[in-house]
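Data first, discussion second: the structure below is written as structure tokens.
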Amino acid sequence: MTRHALVVGGAGFIGSHLVAALLERGDRVRVLDDFSSGKRKNLDAVVDRVDVLVGDAADPSVVARAVAGVDVVFHEAAIASVQRSVDHPLASHRANLDSTVQLLTAAVSARVSRFVFAASSAAYGNDPELPKRETMLPDPPSPYAAQKLASEHYLAAFAQSFGLHTVALRYFNVYGPRQDPSSPYSGVISRFIATLLEGQRPVIFGDGEQTRDFVFVEDVVRANLLAAERDVRKGAVVNVATGRQVSVNRLFETVRAAVGGDSLRIEPERKPARAGEVRHSVADVGRAREWLGFESRIALEDGILKTVESVRKEVAS
Ligand SMILES: NC(=O)c1ccc[n+]([C@@H]2O[C@H](COP(=O)([O-])OP(=O)(O)OC[C@H]3O[C@@H](n4cnc5c(N)ncnc54)[C@H](O)[C@@H]3O)[C@@H](O)[C@H]2O)c1
């Protein structure tokens with residue numbers, strides 16, 4: 001049976017990979033995106049096969065059109081930046097929370113069968129306890145984290161109040177091709193790659209022994225497909241990560257080895273630690289395994305190599 005999927009934020013980094021995977025397995029796909037950070041070129045390879053709606057996911061009339069006739073909604077749209085949410089909390093609230101409530105309301109009216117949401121590990125905050133389990137009390141330290149957590153709560157509330165089948169996926173640090181290195185808010189891996197390819201010295205804040213759980217975008221896409229299909233309970237919240245802790249220093253060495261050539265002589269520039277930065281982060285992935293049958297497959301070295309290759313192709317084109 002052909003399914004009809006809506007990917008909100010489908011022109012973005014993660015959303016565009018999800019669009020490609022849905023088309024690959026034969027789904028009909030519609031994208032709703034306002035192209036605020038998403039790019040046309042992210043959809044270049046599939047544009048003939050996708051119905052693209054340009055509009056704001058917080059606008060009720062746009063959203064009603066977007067969900068009409070759709071079986072599954074993947075909500076990947078956001079102003080995906082902690083700093084932007086601190087600088088512009090209201091704009092961030094509209095993009096990150098109003099959009100969720102609009103989409104949920106429209107999904108109930110349109111009798112959508114599954115609603116999958118891109119939540120964030122940011123919701124865990126600064127609690128030093130590791131690994132991060134979904135049962136821990138969240139402690140959102142930024143407007144962005146609060147908006148993501150509030151969205152999760154709305155998903156659970158819509159599951160209970162209206163029977164909508166929702167699943168929230170708490171992504172950890174996602175990386176891969178098409179992550180925008182030019183943005184000051186982009187992921188550390190894409191910044192390291194872009195800086196090394198320019199022959200410059202990437203900046204490491206603090207002693208570099210802070211850790212993160214880096215998950216490759218293809219794994220995140222697979223988690224979304226599983227969340228849309230598995231018999232997981234309504235309103236579920238599930239970590240999407242590798243369960244492996246990698247320091248920024250090790251990350252730098254891995255990226256430098258993947259870029260190779262002259263970059264092997266480049267040492268990072270050290271700057272003072274950034275205030276408020278979480279020291280360590282790693283996910284407990286037991287729930288993802290049990291509830292979604294999900295386990296990450298792409299090793300960091302391989303994911304970084306694929307990302308470097310794609311950045312090189314882009315620079316050459
Ligand atoms: N990249 C990560 O490491 C990470 C980690 C945790 C959670 N997330 C979440 O995953 C999702 C995708 O992130 P990404 O890294 O691909 O970001 P991205 O900025 O590349 O993609 C977001 C997309 O949403 C679109 N968008 C923003 N506001 C919109 C609005 N009001 N209406 C319609 N479209 C809108 C943008 O144009 C863009 O195409 C986001 O919800 C983000 O918060 C990402």
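Observations, loosely collected:
- Selection of first residues in the stretch 1-28 that are on the phi > 0 side of the Ramachandran plot and of second residues that are among the β-branched types (Val, Ile, Thr) and away from the ligand (no atom under 16 Å from the Cβ), restricted to Cβ pairs under 7 Å at least 6 apart or on distinct chains, gives the following pairs, ordered by first then second residue: 26/2.
- For the stretch 291-317, the set of residues classified as in contact with a Gly (Cβ under 8 Å, 6 or more places away or on another chain) and of a type in the set (D, E, K, R) consists of 306 only.
- Here the condition is being hydroxyl-bearing (Ser, Thr, Tyr) and free of Cβ contacts under 8 Å to residues at least 40 places away in the same chain; of 247, 296, 281, it holds for 247 alone.
- With a requirement of 2 or more residues that are in the same structural domain as residue 234 (by TED's automatic domain parsing), within 13 Å of the ligand (Cβ to nearest atom) and aliphatic (A, V, I, L, M), the strands (runs of 3 or more DSSP E) lying completely within the stretch 44-149 that satisfy it span 50-54, 114-120.
- Top-ranked residue of the stretch 193-235 - restricted to ones that are polar (S, T, N, Q) and surrounded by fewer than 22 Cβ atoms within 10 Å (Cβ to Cβ), ranked as farthest from the chain's Cα centre (by Cα): 200
- Number of residues in the stretch 150-170 that are part of a helix (DSSP H, G or I), closer than 17 Å to residue 99 by Cα and of a type in the set (S, T, N, Q): the value is 1.
- Options 89, 128: the member that is at pLDDT below 95, surrounded by fewer than 17 Cβ atoms within 10 Å (Cβ to Cβ) and out of contact with any Asp or Glu (no Cβ under 7 Å at 6 or more places or on another chain): 128
- Scanning the stretch 13-29 for residues that are crowded, with 16+ Cβ neighbours inside 10 Å and either near the ligand (Cβ under 8 Å from one of its atoms) or not in a helix (DSSP H, G or I) (or both) turns up 13, 14, 15, 16, 27, 28, 29.
- Search result, residues across the stretch 288-312 that are over 14 Å from residue 216 (Cβ atoms) and either of a type in the set (Asp, Glu) or not assigned by TED's automatic domain parsing to the domain that holds residue 192 (or both): 288, 289, 290, 291, 292, 293
- Some residue of the stretch 58-71 being surrounded by fewer than 23 Cβ atoms within 10 Å (Cβ to Cβ), under 24 Å from residue 95 (Cα atoms) and of a type in the set (Asp, Glu): yes
The values are calculated or read from the model by the stated rules, or taken from the named source; none is laboratory data. Note that the coordinates shown come from a computational prediction; the quantities given were computed from them, not determined experimentally. Note: ideal-geometry Cβ built from the backbone for every residue, glycine included; neighbour counts use all protein chains shown.
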